[in-house]
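Please read the structure below before turning to the comments.
FYI, it's all coordinate maths here, none of it is from the lab. Note that the structure is a prediction, hence the values are computed from the model and not measured. Backbone-built Cβ (ideal geometry, glycine too); neighbour counts: all protein chains shown.
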Amino acid sequence: MTHSRRPVITYERNEYGGRLRYSRSVPVDAGYWDTIWMNTLSKIDFSVYEGGYLPRHIREAFHHVIKPHSRVLEAGCGLGEFTIAAHALGHEAHGVDYASHIVEALRERFPDIYFFQGDVTRLSSVENDYYDVVYSPGVCEHYEEGPEKVLAEARRVLKSGGTLITTAPCFNAFRRGIARIGAFHDEPARYFYQYAFSPQELTSTLQLIGFKVQHVRQYGTLGTLYQHLPLASRLPLEPVQSMLRLPIGADQKPLAVALDSIPGVRSWGHSGVWISQKI
């Protein structure tokens, strides 16, 4: 199966200043994700995660907020890097995904870690108030009806006072600016892929569901520039991604870190991380 590299992006207005809708020409279902994860599996050096490595945008929050030996769920684990790192750091780490082939592959490769197949909007095998921490890594934006079911289920399986770490694409200041001048398509492609939420929209949703939002931080400014600036989009993909991604076993490249650290430019971050507490 082949997939279009660039989705169709449309702008939708709402009470939070709008959001972006990404869509594709192929169905985005469990088979779609299984294909992506299985094609990527052989390219991942898992040894860095087996050493406890966490990406920069969640490392500080994880180490400062999460108590030792917590029960942790990565809800929508994909390749399971976070689950593997959390396990290495001494937590009881579980990973769930609805793409069955990647779950089977992870079970075979990491028999000491509990990976299971399931729907993050209805974790029927998990009892109430079970986990100390739930990490939702770029998952809630992939539901056309909105993020509420994913976040509500995360709240159900969290203990009182437990921590939810959520990441999602941002309808950031840069994107709001180019939306006003008509930068995006008028009509979506056939199949919904994801939303980019404003920080205010996802914060409000979390609060309505029953979370206290403790911290919101945007990151990945370089990703925004690459996606939307014509000159950047003509650059070869791999060199740009080498600046965006963490070299194995290390932090992000200096340019990406610098852009994410400048107060004004930081509001252009491609994604955001929301740290919330169940109340």
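Values computed for the structure shown
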read-out: Total charge dipole magnitude, the chain, about the Cα centre, Cβ charges on Lys, Arg, Asp, Glu only, Debye to nearest 20; value: 880 debye
read-out: Exposed-site-free run, longest, the chain (rule: GluC sites (Glu not before Pro); DSSP loop; at most 14 other C-beta within 10 Å); value: 146-279
read-out: Cα-only radius of gyration and Dmax that characterise the stretch 126-180, units Å; value: 14.2, 46
read-out: Candidates Asp45, Asp260, Asp34, ranked by Gaussian network fluctuation over the chain, Cα under 10 Å, top entry; value: Asp45
read-out: Added length on full extension, which subtracts the Cα-Cα distance from 0.36 nm per residue, Asn39 to Ile262; value: 76.7 nm
read-out: Cα coordinate range in the stretch 1-80, projected on the principal axes (Å, largest first); value: 42, 39, 20
read-out: Residue-by-residue Karplus 3J(HN,Hα) for the stretch 207-212, coefficients 6.51, -1.76, 1.60, Hz, glycine and proline x; value: 5, 5, 6, x, 10, 9
read-out: Residues with amide H under 5 Å from that of Phe46, placed H, sequence gap 5 or more; value: none
read-out: Loop trypsin sites (Lys or Arg not before Pro), the stretch 39-89, which have at most 14 other Cβ atoms in a 10 Å radius of their Cβ (DSSP); value: Lys43
read-out: Rg/Rh (Cα only; Kirkwood hydrodynamic radius) as it applies to the stretch 22-163; value: 0.95
read-out: Convex hull per residue volume in Å³, alpha carbons only, for the chain; value: 129 Å³
read-out: GNM result for the chain, Cα springs below 10 Å: residue of Ser124, Ser136, Ser160 fluctuating most strongly; value: Ser124
read-out: Residues of type aspartates and glutamates that Lys67 reaches as a straight line, Cα spacing below 13 Å, ignoring anything fewer than 8 places off in the same chain; value: Glu92, Asp132
read-out: GNM top mover of His57, His185, His101 - the chain, alpha-carbon springs below 10 Å; value: His185
read-out: Given charges at Cβ of Lys, Arg, Asp, Glu: the chain dipole, positive-most of Pro137, Ser42, Pro111; value: Pro137
read-out: DSSP-loop trypsin sites (Lys or Arg not before Pro) across the stretch 160-205, with at most 11 other Cβ within 10 angstrom; value: Arg190
read-out: Per-residue [θ]222 nm for the chain (sum of -39500 (n - 2.57) over DSSP H runs n ≥ 4, rounded to 500); value: -10000 deg cm²/dmol
